[in-house]
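Let me begin by presenting the structure, written as structure tokens, before commenting on it.
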Amino acid sequence: MNLLLLNQFLKHHDVDGELIEVIDTLMIACKEIAVQLREGALAGVLGTTDNTNVQGETQKKMDVIANDILKNVLETNPLVRGMASEEEDDPVAANDDGRFLVTFDPLDGSSNIDINVSVGTIFSILEAPQNMSGDNVEAYLQEGRKQVAAGYVLYGPSATLVLSTGAGVNFFTLAHTGDFILTNENVQVPATTKEFAINMSNQRHWEPEMQNYVNDLLLGAEGPREKNYNMRWIASMVAEVHRVLTRGGIFMYPWDKRETGKPGKLRLMYEGNPMSMLIEQAGGLSTTCYTNIMDLKPTEIHQRCAVALGSSEEVEAVMEYHTGSKDGAAAALNS
Ligand code: AHG
Ligand code: MN
Ligand code: MN
């Protein structure tokens, strides 16, 4: 077997040398997070803190530890102008002359940490606009299409980096040597699927279009979709997206009427956009049900968005169910 290291692979594919340096720095942090997670209870990193983040969510100990590791490691790279994190109220300035901004969800799926189920770190890299410091929110409010790289590290039975620098999607598995090694090249999401993922407990809160769509999936071969669907819900977006990239599927966290003024649950800058880049780069689609997520113009650093992503024909189907409801609350907030 010809083992190709992450760094060699990126150089071989003519990825910008400075971008490679930032990705390498991110991986130093992710390896340290992987070590802490592997030790788990032995390292005393499980459980909850007394704090809540800016989104009003209780922080797990590992949310804070992972955030601090990423922040401290990224600050040491002169190419990083600043960073924005789920666990920081405001963007954090790093190096004035840095070329890049990094946004991240330090630990996605943190409700799963204490039960030893897969979690991950999601990241997005943007070019820093000229004359804007790293703590300036405006600098970060760029459409997802402007991302120069996006990815995640899934901490599961193995730790896997999934990365796009704008020319396809590749998987790199963390070896015992500490190297990320290419294990899946040019990953493609199958266009069709029989598997969907949504938190069904929110069904009564969805808008009628989403209710109709999921009802038709549940009707199986006897219904209008004419096939039997299977369902999964891990409650870690990283794990769900990894399944979709690996064997197809559709993953949804739609708008619902519990908080009508909120476009969705997931966050655009460090969940929606990076995952959309990976899915599109692998031939899938990613939408709010109305608009491609990467075309949204961000207005806030912790902005939320509705998400439906995965196999292209299934995502087209869910969008089809939503056409004609352009005046609904969800449509207004998600276009
Ligand atoms: P985070 O742990 O970063 O706050 O993100 C959790 C997200 C996402 O990973 C997952 O798909 C979703 O929240 C699960 O939400 P429910 O608990 O509402 O199912
Ligand atoms: Mn998350
Ligand atoms: Mn998180």
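Legend: distances between Cα atoms for K11/K297; K61/K194; K61/K146; K60/K262; pairs beyond 30 Å are K11/K297; K61/K194; K61/K146. Hydrodynamic analysis of the stretch 88-171 uses the Kirkwood radius over alpha carbon pairs. Inserted into Stokes-Einstein at 25 °C and 0.890 mPa s, it gives a translational diffusion coefficient of 172 µm²/s. Relative to the dominant Cα principal axis of the chain, helix 312-322 is inclined by about 60°. Computed from Cα positions, the angle between helix 208-218 and the longest principal axis of the chain comes to roughly 90 degrees.
For the stretch 245-308 versus the stretch 124-168, the inter-centroid distance based on Cα atoms is 15 Å. S111 sits among other residues whose Cβ lies under 11 Å from its own Cβ, and their net charge, with Lys and Arg +1 and Asp and Glu -1, is -3. Positive contributions from Lys and Arg (+1) and negative ones from Asp and Glu (-1), summed over other residues with Cβ under 15 Å from the Cβ of K194, come out at -1.
So, counting K/R as plus one and D/E as minus one, what does the shell of residues with Cβ under 10 Å around L5 add up to?
Taking every Cβ under 10 Å from that of L5, the sum is 0.
Can you sort W255, W233 so the residue with the fewest Cβ neighbours within 10 Å comes first? Ascending number of Cβ neighbours within 10 Å: W233, W255.
No value in this document is a laboratory result; all are computed from the given coordinates. Bear in mind that the values here come from a model prediction, so they are computed numbers and not experimental data. Positions of Cβ are backbone-derived with ideal geometry, glycine not excepted, and every protein chain shown enters the neighbour counts.
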